[in-house]
Amino acid sequence: MELPRIGLDIPDRSSAATSVDCVIRAETRGVPMIWTTVGGVRPDGMTLISAAMARTSTIKVGTAIVPTYPRHPGVLYTQAVSHYQLAPGRFRLGIGPSHQSSMSDAFGLDMGKPLDHLREYVTVLRSLLETGESTFSGDYFNVRISGGAKAPMPLYISALRKNAFRLAGEVADGAISWLCPVHYLTETAIPSMREGAKEAGREMPRMIAHVPVALSDNLDRVREAAGPTVRRYARLPFYARMFNDAGYPVGDDGAVTDDLLDHLVVNGDAATVKSRLSEILESDIDELLVMLIPTDDPAGEEEALSKIIAELA
C-alpha cells in the first residue's frame, strides 16, 4: 500500500451520514487520506467507513483509533477483512486502549495493564490479518481461531508516552499520536520507537502525528476554539502525564497554558498553515493526521484545509 504523508480527521462526526459526506467531499477535493475515531456512543466508525468506501473509489480511510477493550481482536479482524475485501489497499487499522473515563467509568471494563493488554491484542490481531489464524494464550486472551482469510494491512497503535512508543517500535507498523507537541514527538517519542524497533530487530515504524489546525490569525479566537478540546483531554491522567513530560504541566482541574495551546494548534491564514505543516513534514515525523478546529466558518475552513492537504500531498 502506498502511504500518503498527510490526511484529514473527519471534521463532522455528528451523525453517520455527515461523516460519510465528509469522506466524499474530501475525495472530491483531492485529500488522499481521511481518519475517523471508533468508540464512545457516537455512530460506529467501522460501520460508517464501510459506507464511505462504498461511495468513494480512491481515498484511503483509517481508524485513529479503535478501542481494544470493548472489541475482541477476533471480532475486529472480521470487520477489517470486510474492509480489505471490499476496498483492497484503502483501509488502515489503528487500535489503542483508549482511556479510563470511557473504558472503566463508562463501560465498567477492568483495564488491567493497558500496554500488556495492547501487546497481546496486537499479537492476536496481527496473526489473524496475516494468516487468517491465531493460537494464543496469555493473561488477557486465549484464542484458537482458524479458517479465516488473509487481510494484510498496516496495523498501528495509539501512543502517548515513552513506553507506548517503544511498544509501537516493537510490534506495530507505526504509532498514532494525539495532541502530542511536535518537539515531544521528535525528541522523546521517535527515539523511544527507534529503541523498541532495534531491540525487536525490526525496521523503524511510521510516526503519524496528530496536528490540530485553526484557519484563523486571531489568536484569542483560536485559543477560545481549541481550549475546550485540549482541556477535556488534559483532565485525563494519560494526557496530563504526557503534557508534563513535554514540559507543559497542567492544573489539577485540567487548566492548560496559552503556551501549550499555541504550540499544539497550527493557526493562521491558509499560506501560514500550509507553510507550518510543510515544516513539520520536513522533520522526522512521517505523516500528519490533521484535525480541523473550526473557528468562524466551519464549512469554508474545511474546504480551505482540504485544499492545503491536497497541495501538500
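The numbers here are math on the coordinates, done by the rules we state, and not lab data. For clarity, every value in this text was computed on a predicted model and none was experimentally measured. Here Cβ is always computed from backbone atoms with ideal geometry, including for glycine, and neighbour counts include all displayed protein chains.
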Legend entry - Cα-based Lys proximity count in the chain, under 23 Å, for pairs eight or more positions apart or on separate chains: 6
Legend entry - Pairwise FRET efficiency - ASP220 versus SER82, Cβ, R0 = 45 Å, nearest 0.05: 0.45
Legend entry - Cα convex hull of the chain - mean projected area over all directions, nm²: 14.9 nm²
Legend entry - GNM result for the chain, Cα springs below 10 Å: residue of GLY74, GLY112, GLY30 fluctuating most strongly: GLY112
Inset, instruction - Once you've got the GNM for the chain with C-alpha springs shorter than 10 Å, pick whichever of ARG206, ARG71, ARG166 has the biggest mean-square fluctuation. - result: ARG71
Legend entry - Cα centroid separation, region 212-229 to region 269-313 (Å): 14 Å
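Could you size up the charge dipole of the chain around its Cα centre, putting +1 on the beta carbon of Lys and Arg and -1 on that of Asp and Glu, and report it in debye to the nearest 20?
So the magnitude is around 960 debye.
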Legend entry - region 117-167 and region 40-63: distance between their alpha carbon centers, rounded to Å: 22 Å
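Specify whether the C-alpha gyration tensor of region 258-313 places it in the rounded, prolate or oblate class, a ≥ b ≥ c being the square roots of the eigenvalues: rounded for a/c under 1.5, otherwise prolate if a/b is larger than b/c and oblate if not.
oblate
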Legend entry - Chain lengthening between ASP259 and LYS113 when straightened (0.36 nm per residue, less Cα-Cα): 49.3 nm
Legend entry - Set of region 297-313 residues, backbone N closer than 19 Å to the point 7 Å along the Cα-Cβ line of GLU279: 308-309, 312-313
Legend entry - Pairwise label distance in nanometres, ASP297 with GLU2, each label 7 Å out on the Cα-Cβ vector: 3.3 nm
Legend entry - Calculated diffusion of region 1-153, Stokes-Einstein form, Kirkwood radius summed over Cα pairs, 25 °C and 0.890 mPa s, µm²/s: 152 µm²/s
Inset, instruction - Please find the FRET efficiency linking THR18 to ALA270, where r is the Cβ-Cβ separation and R0 is fixed at 30 Å, and quote it to the nearest 0.05. - result: 0.80
Legend entry - Estimated 222 nm signal from helices in the chain, with DSSP H stretches of n ≥ 4 weighted -39500 (n - 2.57), rounded to 500: -13500 deg cm²/dmol
Inset, instruction - Using only alpha carbon positions, build the gyration tensor of region 72-208, then give the equivalent ellipsoid semi-axes as the square roots of 5 times its eigenvalues, largest first, whole angstrom. - result: 24, 19, 15
Legend entry - the chain: most fluctuating residue of PRO67, PRO154, PRO88 per GNM, C-alpha cutoff 10 Å: PRO88
